[in-house]
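The values are calculated or read from the model by the stated rules, or taken from the named source; none is laboratory data. Bear in mind the structure is a predicted one, so any value in this text is a computation, not a measurement. Cβ: placed from backbone, ideal geometry, glycine included. Neighbour counts: every protein chain shown. Note: accessible area is taken over every heavy atom of the protein model, side chains too, but ligands, DNA and RNA are not part of it. Shrake-Rupley method; radii C 1.70, N 1.55, O 1.52, S 1.80 Å.
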Amino acid sequence: MCGIAGIFNRCAHQQPQPQQLVNMVAIMAHRGPDDFGYEVLPEHGIGFSHARLSIIDLNNQRARQPFKSDDQQLMLVHNGEFYDFQRIRADLTAQGTVFRSKSDTEIALHLYQRYGLAQMLPMLRGEFAFALYDAALDTLYLVRDRFGVKPLYYAQTESGLVFGSELKTLFAHPEVPREFSSTGLFHQLIQVMVPGSTAFQGIHQVPPGHVIKVTRAKGKLSISEEKYWDLEFPLAQSYHTDQVTEQDYIDGVRERLLEAVQLRLTADVPVGCYLSGGIDSCAILGLASAVSQKPIKAFTIGFNSKSYDETAIATEMAEATGADQQVMRLAGPELYDNFVATLWHTERTIYNTLGVAKYLMSQQVQQSGYKVVLTGEGSDELFAGYPSFRQDMFKHGLAHLPDAEREAWQQQLASSNALFRGAMLALNEYRSSALDDKVGFTPSCLQPWLSCSEIALPLLAPHHRAQLADYDAGRAIADKLDGTMLNQRHPLDKAQYVWIKTMLEGQILTWGGDRVDMAHSMEARPAFLDHHLAEYAATIPPHLRIKDNREKYVLREAMKGLLPDTLYRREKFAFMAPPAHTDPQKLAAIRQLAEVYLTESAINAAGVLSYSDVEQLLQRYELGTTSNEEKVQLDAMVNHVLGVQILHQHFVATDMPKLAQQRAMELGWIA
């Protein structure tokens with residue numbers, strides 16, 4: 001787990017400055033404080049740099065990146081983990097390949113030499129983002145893992161192309177512009193992002209499961225995008241329920257999840273687990289404990305609100321497995337005390353302070369001497385755990401049921417997950433004609449955010465509003481979805497696919513995952529997002545993912561022997577921090593932030609929001625006369641307007657190239 005950066009100039013004779021490459025990784029040294037490295041290929045106009053977090057092969061000199069081939073024709077820089085690398089390494093060694101390190105990274109260089117990119121990518125298993133330059137083809141490849149666990153951004157400049165693990169890495173380059181785009185800013189306010197986009201003008205993400213190919217010819221760069229993997233659900237009519245029994249699916253999930261956990265326990269440093277009161281993290285801890293020779297260290301976040309706190313169940317699981325549990329209790333105000341620092345790392349707005357809680361938790365993990373934890377992210381995506389999935393199943397996937405059974409579903413839906421209406425579920429049904437056309441319906445997971453459009457648009461400064469006069473956020477998202485993965489699929493499959501392409505990559509794995517984990521040099525390994533497990537989970541019939549209105553049925557049964565009975569029978573509870581309106585101390589902390597970032601002078605200086613409309617939003621929020629569901633929605637909107645102002649201060653108002661140079665000097669990272 002590391003941070004990577006690079007420069008690919010249009011002119012092969014224009015060499016990247018070594019110190020510039022070092023500055024770009026120095027500004028994200030939190031991703032890899034253990035070592036740094038850089039390489040420039042002479043007369044090729046390309047350079048890579050790397051900030052290292054030592055987890056596999058702790059010899060920093062031997063495993064220092066970037067890696068180059070012996071003939072100097074290939075150069076590779078990598079962030080993340082390749083699992084099962086020992087087997088691949090053994091196979092390559094048997095074929096005559098000589099390795100210089102014990103690092104998992106090096107297998108990618110040799111696999112490319114032997115098989116080429118297209119054949120190599122299916123062999124890679126894990127969470128990764130890497131850049132590979134082939135001098136013979138004069139081509140740069142930017143590759144991101146299948147679900148987008150690891151981030152990777154790029155931007156074109158006057159001189160060429162710049163890439164890196166974080167936005168601040170790109171902003172450390174003096175030619176990269178630092179300004180919001182109108183559409184990006186709007187999507188910060190409504191939470192849901194257009195896949196592949198960012199809040200900033202000209203800054204792009206490598207989409208999950210994709211390769212960005214950059215080829216140079218005659219002083220010009222040609223950029224193309226190619227998908228190498230997607231989560232493909234069967235056609236609705238082709239589920240093989242006769243050939244495969246329910247027990248077969250249960251056994252299949254258990255077998256594949258166990259393998260994914262075992263692979264992710266591989267490290268040259270201790271590995272712990274995140275532990276909430278949900279099935280997902282409890283299953284991971286249970287399996288990890290079963291195969292480990294020592295007690296597993298388990299890290300739990302506890303909240304002062306009984307409605308949101310899951311500590312009791314987490315502790316029950318820790319005691320059942322003999323885990324060494326460490327609980328971090330958050331009373332409330334500290335979440336907003338660390339809001340500004342968290343957004344430096346998320347590089348986007350957050351609607352709930354869960355991101356801050358995760359930021360504080362990664363700090364505690366680091367202080368406890370751990371660099372690696374296993375996590376439960378991805379389970380809800382694969383096994384239909386979120387309330388929006390049950391809602392879509394009821395509305396669009398149960399036409400075959402008798403009226404009495406449909407009514408039972410409806411009654412249970414109406415009473416469940418009420419705490420999250422206004423955030424995870426819309427206050428009222430919202431329809432997007434573009435999504436209706438592309439998907440067949442507007443997925444419930446997008447409705448709460450798209451329905452905020454009418455609130456969000458007036459909050460923008462007039463010149464941004466003018467740019468959005470004909471903009472349709474639902475259409476922008478729909479246009480990015482691959483229709484071949486949606487056509488003739490079951491409604492539940494469609495709902496899960498859309499969530500994976502939007503909320504998983506843009507929220508769960510960013511401000512709820514990598515970005516706040518790596519803020520304190522801590523690597524999170526989401527075992528459920530092992531692609532072998534994911535591909536198998538996609539074959540499970542919808543009626544076994546949600547059975548008798550019970551989410552994650554197959555997973556529950558697969559893990560039944562590991563889970564406390566309380567948890568086995570418990571309804572899905574989305575892990576969130578208590579919203580600010582539930583806590584007077586939090587409200588006071590928000591007011592303090594508003595007095596800094598939402599004053600008339602601050603808003604006018606930034607020029608991205610409308611002060612009068614933000615003031616009206618705050619007044620409505622302060623009155624507190626709306627329903628609980630509307631308060632949840634307003635909590636999110638206030639967090640977002642604070643967020644865009646903070647992002648402006650962090651990345652637009654601040655001289656990022658100068659800051660990066662200062663960081664490099666402070667660290668002593670000199671080229």
Difference of contour (0.36 nm per residue) and Cα-Cα distance, His532 to Gln592: 16.8 nm
Distance between modelled label sites at Ala605 and Ser368, nm, 7 Å Cα→Cβ extension: 4.0
Projected-area mean, the stretch 149-281, by convex hull of Cα positions, square nanometres: 14.3
Where Rh is the Kirkwood radius over Cα pairs, Rg/Rh for the stretch 219-273: 1.22
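Between Gln243 and Asn428, what FRET efficiency follows from the Cβ-Cβ distance if R0 is 45 Å, with the result rounded to 0.05?
0.60
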Label-point separation in nm, Asp251 to Ser69, each point 7 Å along Cα→Cβ: 4.5
Given charges at beta-carbon only (K, R positive; D, E negative), |dipole| of the stretch 50-103 in Debye: 200
Listed pairs Lys395/Lys438; Lys294/Lys560; Lys297/Lys358; Lys358/Lys658; Lys395/Lys547 exceeding 19 Å between Cα atoms: Lys294/Lys560; Lys358/Lys658
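Counting DSSP beta bridges with both partners in the stretch 9-81, what percentage is antiparallel, nearest 5?
Details: 9 of 10 bridges.
About 90 percent, rounded to the nearest 5.
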Per residue solvent-accessible surface (Å²) - the stretch 463-514, probe of 1.4 Å: 36
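Would you please name the trypsin sites (Lys or Arg not before Pro) within the stretch 155-233 that are DSSP coil residues with at most 11 other C-beta atoms within 10 Å of their C-beta?
Numbers: sites: Lys168, Arg178, Lys213, Arg216, Lys218, Lys220, Lys227; in loops: Arg178, Lys218.
Of the trypsin sites (Lys or Arg not before Pro), the ones in loops of the stretch 155-233 whose Cβ has at most 11 other Cβ atoms within 10 Å are Lys218.
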Percent carbon-and-sulfur accessible area, the chain, ignoring ligands, DNA and RNA, probe 1.4 Å: 48
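Return the tail of the calculated pair distribution for the stretch 90-156, meaning the percent of Cα-Cα pairs more than 19 Å apart. Each step should come with its number before you reach the end.
Numbers: 839 of 2211 pairs.
Taking all Cα-Cα pairs of the stretch 90-156, the fraction more than 19 Å apart is 38 percent.
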For the stretch 468-519, the fraction of alpha-carbon pairs in successive 5 Å shells from zero, as %: 4, 17, 20, 18, 16, 13, 9, 2, 0
Relative contact order, percent, the chain [alpha-carbon distance under 8 Å, six or more residues apart]: 18
Cα point-scatterer Debye curve for the chain, base-10 log of I(q)/I(0) at q = 0.05, 0.07, 0.11, 0.12 Å⁻¹: -0.22, -0.44, -1.16, -1.40
In Å, descending, principal axis extents of the Cα set of the stretch 63-112: 24, 24, 17
Nonlocal amide H pairs with Arg525, under 5 Å, H built at 1.01 Å: Val373, Leu374, Thr375
Dipole of the chain, positive end: most advanced residue of Gly397, Pro657, Leu481 [Cβ charges, Cα centre]: Pro657
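Using DSSP, restrict attention to beta bridges with both residues in the chain and report what percent are antiparallel, rounded to the nearest 5.
Antiparallel bridges: around 75 percent, rounded to the nearest 5.
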Distance histogram for the stretch 498-569 (every C-alpha pair counted, 10 angstrom bins, percent rounded to whole numbers): 16, 35, 37, 11, 0
Nitroxide proxy distance, nm - points 7 Å out along Cα→Cβ at Gln19 and Arg62: 3.4
Enclosed volume per residue, in Å³, of the convex hull spanned by Cα atoms of the stretch 1-119: 106
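Compute the length gained on full extension between Leu137 and Ala312: take 0.36 nm times their separation in residues and subtract their Cα-Cα distance, giving the result in nm to one decimal. It would help to have the intermediate numbers written out before the result.
On the way: separation 175, 0.36 × 175 = 63.00 nm, distance 5.77 nm.
In short, 57.2 nm is gained.
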The stretch 584-636: radius of gyration and largest Cα-Cα distance (Dmax), Å: 11.8, 34
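Using helices alone, I'd like the mean residue ellipticity at 222 nm for the chain: each DSSP H run of four-plus residues gives -39500 (n - 2.57), total over residue count, nearest 500.
Working: 31 runs with 274 residues, N = 671.
Calculated at 222 nm, the ellipticity per residue is -11500 deg cm²/dmol.
Where nothing but the Cβ of Lys and Arg (+1) and of Asp and Glu (-1) is charged, how large is the charge dipole of the stretch 146-195 around its Cα centre, in debye to the nearest 20? Before the final figure, lay out the partial values.
On the way: 4 positive and 4 negative charges, 55 e Å.
Dipole about the Cα centre, nearest 20: 260 debye.
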Normalised contact order of the stretch 1-96, rounded percent, pairs of Cα under 8 Å and 6 or more residues apart: 29
For the stretch 552-657, the fraction of alpha-carbon pairs in successive 5 Å shells from zero, as %: 2, 10, 17, 16, 12, 9, 8, 7, 7, 7, 4, 1
Volume per residue of the C-alpha convex hull in the stretch 433-556, rounded to whole Å³: 155
Value of Rg to Rh for the stretch 253-309 (Rh from inverse mean 1/r over Cα pairs, i.e. Kirkwood): 1.03
